[in-house]
2 protein chains.
Amino acid sequence: MKKSTLFLIALMSSGVTMAQGLGVTPVQKINTPIVEDFKPTPVNQPGSPFPQVNSEGRVRTQILAPEAKKVQLDIGAVKYDMVKDEKGMWTGESAPQDVGFHYYQLNIDGASVPDPGSLFFFGACRWGSGIEIPSNDQDIFAVKDVPHGHVHEVLFPSKSTNTSPKAFIYTPPGYEKETSKRYPVLYLQHGYCENEYSWPNQGRANLIMDNLIAEGKAKPFIVVMTYGMTNEISFGGLRNFDIKPFQTVLVDELIPYVDSHFRTIADQKNRAMAGLSMGSMETKSITTNRPEVFSYIGLFSGATFKPEEVKDKSTVKLIFQSCGSKERPDGVKQSVEELKKAGINAAWYVSEGTAHEFHTWRRSLHQFAQLLFK
Amino acid sequence: MKKSTLFLIALMSSGVTMAQGLGVTPVQKINTPIVEDFKPTPVNQPGSPFPQVNSEGRVRTQILAPEAKKVQLDIGAVKYDMVKDEKGMWTGESAPQDVGFHYYQLNIDGASVPDPGSLFFFGACRWGSGIEIPSNDQDIFAVKDVPHGHVHEVLFPSKSTNTSPKAFIYTPPGYEKETSKRYPVLYLQHGYCENEYSWPNQGRANLIMDNLIAEGKAKPFIVVMTYGMTNEISFGGLRNFDIKPFQTVLVDELIPYVDSHFRTIADQKNRAMAGLSMGSMETKSITTNRPEVFSYIGLFSGATFKPEEVKDKSTVKLIFQSCGSKERPDGVKQSVEELKKAGINAAWYVSEGTAHEFHTWRRSLHQFAQLLFK
């Protein structure tokens, strides 16, 4: 992969849009009619009436700032002016947003701060506000009355970094009771400027798996989510990204830990790796460098494989490539068709109406999981 | 317990100090000399240089707010004015704080917002900024190169509330490998306006247990932490707090779930309950109402037992009562001495130099855990 492409993906995955990255300041639309059916969202702080979202996908929020001169809602790389009432309460709305999950913040007299009304998520290199725009398929990650797996927070020993990195490990429903059963494992990576919390929090990975398993659409398997920026690259430094430090942590430290602490089927046929954006690049590199470790490969919104890059077709069970319809779906589809022509089992998925954001990746996991270990 | 006492404890446990609760506005000290040895803290956002703490326990933070007229650091119920430089960067310091963990926020032209430089913790009824003031015993919850237990995030079925509440369940190191071993269980409750995240996050319960077990000071046991405000009382509503809804969730729904999904020793002798502040009141009520369920009782910074309130001495293995030296240690000690005179095994602990805050409760857990199931 070219370094320029890599940097571009890094920019996009950090929550910075193309326009922002290129120094273009989008202009706020004015006088747009607003549908007055706003409701609080599932990612509000407990009891907080704001932020709210309406049926158009607009975000409205409020903050009391009696002495402030200017307050803005900053979402999707656009800053929307909010309006003050006589009590010092500021209210403002965004333009309609794509369905799914978006990071946002407030700007109060020049200070960029989280909206205290929202829950906080790690993305764009920091914990900050997030908002959920309802989608017609949000049911895939709803908390339902079905058996729920557990998400284990573990600290595993890492000699190469001399630290105890954190990982979140999903075990499927029944794992505790069926104590003679062993399970395949998916290693699932976040994007640039995200971390190990991103997939279980805004990605809803555990709930997607619970629901798929309850519907009989996915085989029960373990999902392992850890921090992928081992060399702690700073923004822009991704140009010089070296896969080795993370590859060592993942393959030589985390996998042995998981195989010794969980009831895994510890072979190549029962091991998958997938990632979003930067995580897809890591997945491509690591599955290429260590073909004896993984057999299923998922690349969400980022890297794609060319047939000649697949060293040994016989060891690859599946290459799954996806992106949002607002990314570059033609490139993803074409790449998959070429892989198929070369005799490699490959599949593509395009998330309708979404861009380089978490709803694309939730849907990608939802699709990919149904193809695994079958 | 009298309703007035109950309301006072609710106030204190919500992060509101006595002075604030009673409408007294503390005055900021000026012209205090400041020791210039500030360092970033372990609870900063990744890569964030601020907030910082110095050897006196002062908190210093910074925020860029070029257009703001007034920015304050709001900690310990005092608002400290920050000072703007020519680039619009505001900097300010607090007076020295007690060792341990404190919630805080910024005030920008009248808006109370989290400090974007800190990690966020649930307390005072919302996710907001927290700061860690170094203590000479912070080693008790340090991440060390010792075997680490797992913290399982589970969703358990609750018919009484028709929801799937969350619980965090700590399993000690070795739990996965020693598959024939069964473990005692401690049910550990947060305070008013905290939630199930408070003990594992700012309470560091899992790390305290990891370290005690590695030193051979505590028997390995399971710790279960869930949300204790089942009836979703609003602030002030604690006057009418009814223990029944939470008692049903804990005793009739969560305990059976834990006993069927984890390798517990499912009897009264091997079950403990403890809680901080409002959680201590819940612990007192539930262990009194259901004496057949728990044998070890821990009350941190809140309720105390009178001998005549212990229905059947023979079923109580230990009553542990604690608080900070800046709370009401004499009352706690006297109550324990009375219990002892009545032939009940009781112990007190006073956390030196701390008030109604999480360092008191970390230390209390550290002490209590060493007495359990022996």
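The values are calculated or read from the model by the stated rules, or taken from the named source; none is laboratory data. Here the structure is a predicted model, which is why all the values come from computation and not from measurement. Neighbour counts are summed over all protein chains in view; Cβ atoms, including those assigned to glycine, are modelled from backbone coordinates with ideal geometry. Surface areas here come from the heavy atoms of the whole protein model, side chains and all, with no ligands, DNA or RNA. Shrake-Rupley method; radii C 1.70, N 1.55, O 1.52, S 1.80 Å.
B:Gln72 is checked against (1) open to solvent by 10 Å² or more (accessible area, probe 1.4 Å); (2) on the phi < 0 side of the Ramachandran plot; (3) touching a Pro at 6+ places or on another chain (Cβ under 9 Å); (4) within 13 Å of chain A (Cβ to nearest Cβ) and fails just one. What number does that condition carry?
(3)
Of the conditions (1) under 24 Å from the mean Cα position of the chain (by Cα); (2) open to solvent by 10 Å² or more (accessible area, probe 1.4 Å); (3) away from every other protein chain (no Cβ under 11 Å), A:Asp85 satisfies every one except a single condition; which number is it?
It is condition (1) that A:Asp85 fails.
Looking at (1) within 18 Å of A:Asn195 (Cα to Cα); (2) at pLDDT 95 or above; (3) surrounded by fewer than 24 Cβ atoms within 10 Å (Cβ to Cβ), which one does A:Ser129 not meet, given that it meets all the others?
(3)
Working only within region A:341-363, note down all residues that are farther than 24 Å from A:Glu194 by Cβ and surrounded by 15 or more Cβ atoms within 10 Å (Cβ to Cβ).
Across region A:341-363, the qualifying residues are A:Ile344, A:Ala346, A:Ala347.
Out of (1) part of a loop (DSSP other than H, G, I, E, B); (2) facing chain A (nearest Cβ under 10 Å); (3) within 27 Å of the chain's Cα centre (by Cα); (4) more than 25 Å from B:Trp199 (Cα to Cα), the odd one out for B:Ser48 is which?
(4)
Going by the structure shown, is A:Tyr257 of a type in the set (Phe, Trp, Tyr) and either at pLDDT below 95 or within 23 Å of A:Lys284 (Cα to Cα) (or both)?
Judged against the criteria, A:Tyr257 is a match.
Taking the condition of being open to solvent by 10 Å² or more (accessible area, probe 1.4 Å) and either part of a loop (DSSP other than H, G, I, E, B) or within 12 Å of chain B (Cβ to nearest Cβ) (or both), how many residues in region A:138-155 meet it?
So the count comes out to 9.
Kindly list, by first and then second residue, each pair from a residue in region B:130-151 that is more than 16 Å from B:Pro200 (Cα to Cα) to a residue that is open to solvent by less than 30 Å² (accessible area, probe 1.4 Å) and aliphatic (A, V, I, L, M), limited to pairs with Cβ atoms under 6 Å and residues at least 6 apart or on different chains.
Correct list of pairs: B:Ile133/B:Val53.
Could you grab me the full set of residues in region A:167-181 that are open to solvent by 10 Å² or more (accessible area, probe 1.4 Å) and either away from chain B (no Cβ under 13 Å) or assigned to a strand (DSSP E or B) (or both)?
A:Phe168
Restricting the search to region B:329-363, which residues are more than 23 Å from B:Leu212 (Cβ to Cβ) and either at pLDDT below 95 or among the aliphatic types (A, V, I, L, M) (or both)?
Matches in region B:329-363: B:Leu339, B:Ala342, B:Ile344, B:Ala355.
Are any residues in region A:101-115 closer than 14 Å to B:Pro116 by Cα, open to solvent by less than 10 Å² (accessible area, probe 1.4 Å) and more than 9 Å from chain B (Cβ to nearest Cβ), and if so, which ones?
Of everything in region A:101-115, just one residue is closer than 14 Å to B:Pro116 by Cα, open to solvent by less than 10 Å² (accessible area, probe 1.4 Å) and more than 9 Å from chain B (Cβ to nearest Cβ), namely A:Tyr104.
In this structure, does B:Glu93 turn out to be within 18 Å of A:Lys69 (Cα to Cα) and open to solvent by 10 Å² or more (accessible area, probe 1.4 Å)?
Here the answer is no, as B:Glu93 does not meet what is asked.
Restricting to region B:347-365, give me the number of residues that are basic (Lys, Arg) and touching a helix residue (DSSP H, G or I) at 6+ places or on another chain (Cβ under 7 Å).
1
Report whether or not A:Val251 is among the aliphatic types (A, V, I, L, M), surrounded by fewer than 21 Cβ atoms within 10 Å (Cβ to Cβ) and part of a helix (DSSP H, G or I).
Yes, satisfied.
Restrict the check to region B:214-222 and report whether at least one residue is touching a helix residue (DSSP H, G or I) at 6+ places or on another chain (Cβ under 8 Å) and at pLDDT below 95.
No, that holds for no residue.
Only one residue in B:Gly203, B:Gly216 is open to solvent by 50 Å² or more (accessible area, probe 1.4 Å), more than 13 Å from chain A (Cβ to nearest Cβ) and closer than 17 Å to B:Phe141 by Cα, so which one is that?
Result of the check over B:Gly203, B:Gly216: B:Gly216.
I need every pair where a residue in region A:268-283 that is modelled with pLDDT of 95 or more has its Cβ under 8 Å from the Cβ of a residue that is of a type in the set (Asp, Glu) and surrounded by fewer than 24 Cβ atoms within 10 Å (Cβ to Cβ), sequence separation at least 6 or different chains.
Sorted first by the residue in region A:268-283, then by its partner, the pairs are A:Gln268/A:Glu292.
Quickly run through region A:79-109 and pick out the residues that are among the β-branched types (Val, Ile, Thr) and over 22 Å from B:Gly88 (Cα atoms).
Within region A:79-109, A:Val83, A:Thr91, A:Val99 meet the criteria.
For the condition farther than 24 Å from A:Ile131 by Cβ, touching a strand residue (DSSP E or B) at 6+ places or on another chain (Cβ under 6 Å) and not polar (S, T, N, Q), what is the one hit in A:Phe358, A:Phe320?
A:Phe320
Only one residue in B:Ser135, B:Ser118, B:Ser158 is within 11 Å of chain A (Cβ to nearest Cβ), in contact with a helix residue (DSSP H, G or I) (Cβ under 9 Å, 6 or more places away or on another chain), open to solvent by less than 20 Å² (accessible area, probe 1.4 Å) and small (Gly, Ala, Ser), so which one is that?
B:Ser158
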